[in-house]
Amino acid sequence: MAGKRVAVIGTGASAVQIVPAIQPVVERLTVFQRTAAWVMPRNERALRKWEHWAYRRIPGAQRLMRTVVYWSIEATVLGFLRPRVMRLAQRMALANLRRGVRDPRLRAKLTPDYAMGCKRVLRSDDYYPALARDNVDVVTDGIAEVRAGGVVTRDGVEHPADVIVFGTGFRVTDLPIAERIRGRDGRSLAERWQGSPQAYRGTTVSGFPNLFLLLGPNTGLGHNSVVLMIESQINYVLGALERMRLDGVRAVEPTAEAQARFVAGVDRRMAKTVWATGCHSWYIDATGRNSTLWPGSTWRFRQRMKRFDLAAYEVIA
């Protein structure tokens, strides 16, 4: 990258890591932005000497701090579930923007026009300062084509580039493996889902015996670590396998009724969240449904996944 003209397409979670890392070494950096993101400060810092000492010497100090960190992050789910609460976080994000970007024209480009949380919220201490450097341009015109010498926007301007970095995201609701998994009736998972993934507790699917998913439909998060969700699902799957072993059961699958009730409950709760405020995001599937995120706390999900509930399943002995 050193000394080159670089175009970065995208301003999401990848870009906030890439841009600050390469900005100091490139000759010119052009960042192509389709939608401005809400960026909260990360507040990263080195641990102090007394903290190192405490974590080494005081029993339970690390566990206590992890508990404090978990609940402080977990509490932010209230803003996603009740959009009015998110207004406080929006003020914090706008203050972060003002601190990082002095130029009012650039600041206007970087100011989102949708409710915070509707799209993925980003965290960075150095993204805004990097965009404000003299060798960086933020372009908001749509891209028309890529030529040998650079990227052309719809206004006809060619932006010179030696290197293009694509930070254009991914589609979580269009799973290639769904075409290869077939259920009892011979239909694939993709045919069953019809563009909107659904599963009982995000883990099992009606009509697909012994299919267990980790981080399946409606188990993603907007506020905390998905590792917590995966751990909960692993506990649930292990409970299912143990129950099957003890009872001599060959296969289990959730009943259609149990799955329908679960999905309906998720959709009811989702309707009141910030994700339903109207912005276009990768959380939303082809049918307009949010089949990606869990509309609640990780603690609540963990409680629901503590035990395998055989009563919600059809059993094949």
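Laboratory data are not the source of any read-out in this text; all were calculated from the coordinates shown. All values derive from a computational prediction rather than experimental measurement. When we count neighbours, we look across all protein chains shown, and the Cβ atoms used for this are built from the backbone with ideal geometry, even at glycine.
Straight-distance candidates among the lysines for linking to Lys272, with alpha-carbon spacing under 25 Å and chain neighbours fewer than 8 residues away dropped: Lys119.
Near His159, the amide H atoms lying under 5 Å from its own belong to Val151, Val152, Thr153; only residues 5 or more places off or on other chains count, and H is placed 1.01 Å from N. Along the stretch 228-245 the Karplus relation, 6.51 cos²θ - 1.76 cosθ + 1.60 evaluated at θ = phi - 60°, assigns HN-Hα couplings of 4, 5, 4, 4, 5, 5, 4, 4, 5, 5, 4, x, 5, 5, 5, 5, 5, 5 Hz to successive residues, with x for each Gly and Pro.
Partner aspartates and glutamates whose Cα lies under 14 Å from the Cα of Lys109, excluding those fewer than 8 positions away in the same chain, are identified as Asp137, Asp141.
Taken about its Cα centre, the stretch 202-298 carries a charge dipole of about 180 debye when Lys and Arg each add +1 at the Cβ and Asp and Glu each add -1 at the Cβ.
A simple rule links phi to the HN-Hα coupling: the Karplus curve 6.51 cos²θ - 1.76 cosθ + 1.60 with θ = phi - 60°, which for the stretch 16-23 gives 5, 8, 6, 4, x, 6, 9, 4 Hz, with x for Gly and Pro. Counting 0.36 nm for each residue step from Met92 to Thr287 and taking away their Cα separation leaves a gain of 66.8 nm.
Database remark: amide H of Glu314 closer than 5 angstrom to the amide H of Glu253, Thr255 (H placed geometrically; neighbours at sequence offset of 5 or more, or on other chains; Pro and chain starts carry no H). Ranking Tyr236, Val252, Ala148 by how far each Cα lies toward the positive end of the dipole of the chain (charges on Cβ) leaves Tyr236 at the top. To one decimal place, what Kirkwood hydrodynamic radius in Å is obtained for the stretch 8-118 from all pairs of distinct Cα atoms? Roughly 17.0 Å, rounded to one decimal. With the simple spin-label model, which puts each label point 7 Å out from Cα in the Cβ direction, the Thr140 to Ile181 separation comes to 4.1 nm. Matching the structure-derived Rg/Rh (Cα atoms, Kirkwood Rh) against the labelled list (i) 1.03; (ii) 0.96; (iii) 1.06 gives the label (i).
Stokes-Einstein, applied to the Kirkwood radius of the stretch 196-301 over Cα pairs at a viscosity of 1.002 mPa s and 20 °C, places its translational diffusion at 147 µm² s⁻¹. Largest mean-square fluctuation among His52, His223, His280, in a Gaussian network model of the chain whose springs join Cα atoms under 10 Å apart, belongs to His52.
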